Amino acid sequence: MPPAVEASDASMVEAARAALETQSVIVVTTGDAPQGRLAPLSPETIDALARLEGVGLVAVEADGSKMRPFKAPDDHEPVIPAWTTHVVVVVGADAVGAPIDEAHVHRPERVRAILDAAGIDASMATPEAIAAVLLDAAGGRRGVGGRHFVVVVNKADSHADAASMLGRAVEAAGAPRVVLAALRDAARPVRGVATRAGGLEGGA
């Protein structure tokens with residue numbers, strides 16, 4: 001992990017500014033959180049960091065899924081700072097074919113509600129069902145508005161066929177950009193990319 005900077009929200013901007021004088025990439029946190037996690041920053045602090053001179057990218061985890069590969073957000077999720085330009089929703093290819101229940105999906109009741117409203121069978125996480133939730137304004141596109149939107153289908157290394165099927169379903173559902181990825185593979189994390197202008201390029 002890059003060097004970590006721990007500070008309060010009130011002092012974070014100056015702490016980050018000082019750290020960036022000697023480091024090109026840093027991780028910032030307001031402290032330790034339960035289960036070995038890093039405590040978050042306020043959206044206002046994130047916006048202030050994005051305005052720092054010389055900062056090219058501020059990447060924020062805005063929402064979690066409790067280690068499940070697929071989810072729909074709650075009413076307070078995701079927390080998208082005002083200066084956000086791109087929103088990336090990540091789904092695990094291992095969700096394909098799983099039951100839509102607590103063991104396999106985070107907030108399955110919300111996933112089922114979105115699918116029921118769309119007239120889609122809500123018992124199984126088919127590629128088409130997952131795509132419908134990811135592209136729904138109450139699902140993966142919640143709070144996105146006019147920002148750039150990308151769907152990342154992860155685990156394309158361990159679940160290659162499922163990743164390809166899911167990627168094509170998400171593309172067909174209207175996602176402007178779909179990336180097939182193996183995010184634990186530092187040497188080759190991107191396995192394929194699809195944009196609205198063209199089909200899926202590359203292979204899982």
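Coordinate-derived values only; no laboratory data. These figures come from a predicted structure and were not determined experimentally. Note that each Cβ is placed from the backbone with ideal geometry, even for glycine, and that neighbours are counted across all protein chains shown.
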Each label point is 7 Å from the Cα along the Cα-to-Cβ direction; what then is the distance between the points at VAL25 and MET67, in nm? 2.6 nm
Fully extended contour minus Cα-Cα distance, from ARG17 to ARG147, at 0.36 nm per residue: 44.1 nm
List, in order, the whole-Hz ³J(HN,Hα) value for each residue of region 105-119 obtained from phi through the Karplus relation with A = 6.51, B = -1.76, C = 1.60 and θ = phi - 60°; use x for Gly and Pro. 9, 8, 6, x, 5, 6, 4, 5, 5, 5, 5, 4, 5, 8, x
Would you mind classifying region 61-202 by shape? Square roots of the alpha carbon gyration tensor eigenvalues, ordered a ≥ b ≥ c; an a/c under 1.5 is rounded, otherwise it is prolate if a/b is larger than b/c and oblate if not. rounded
ASP185 neighbourhood, Cβ < 9 Å, K/R = +1, D/E = -1, net charge +2
Out of all DSSP beta bridges in the chain, what portion is antiparallel? Express it as a percent rounded to 5. 45 percent
Residue by residue through region 6-21, what is 3J(HN,Hα) from phi via Karplus (6.51 cos²θ - 1.76 cosθ + 1.60, θ = phi - 60°)? Round to whole Hz and write x for glycine and proline. 10, 7, 6, 4, 5, 10, 5, 4, 5, 5, 5, 4, 5, 5, 6, 6
Let me know the volume per residue of the alpha-carbon convex hull for region 1-60, in Å³. 81 Å³
Quick check: the distance between the Cα centres of region 134-191 and region 5-65, to the nearest angstrom? 26 Å
Would you work out which of SER164, ALA62, LEU134 lies farthest towards the positive end of the dipole of the chain? Charges go on Cβ: Lys and Arg +1, Asp and Glu -1. SER164
Can you classify region 145-189 as rounded, prolate or oblate using the Cα gyration tensor, where a ≥ b ≥ c are the square roots of its eigenvalues, rounded means a/c under 1.5, and otherwise it's prolate if a/b beats b/c and oblate if not? oblate
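Please give the charge dipole size of the chain, origin at the Cα centre, charges +1 on K and R Cβ atoms and -1 on D and E Cβ atoms. Round to the nearest 20 debye.
Magnitude of the dipole: close to 460 debye.
Per DSSP helix of 4 or more residues, -39500 (n - 2.57); summed, then divided by the residues of the chain. What does that give at 222 nm, rounded to the nearest 500? Can you show the working numbers first?
Details: 5 runs with 51 residues, N = 204.
Counting only the DSSP helices, I get -7500 deg cm²/dmol.
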With unit charges on the beta carbons (Lys and Arg positive, Asp and Glu negative) and the dipole taken about the Cα centre of region 1-60, which residue among LEU49, PRO2, THR29 sits farthest to the positive side? PRO2
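Taking the mean number of other Cβ atoms within 10 Å as a proxy for protection, how do you rank 142-154, 9-21 from highest to lowest?
Highest to lowest by the protection proxy: 142-154, 9-21.
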So what is the relative contact order of the chain, in percent, for Cα pairs below 8 Å that sit 6 or more residues apart? 14 percent
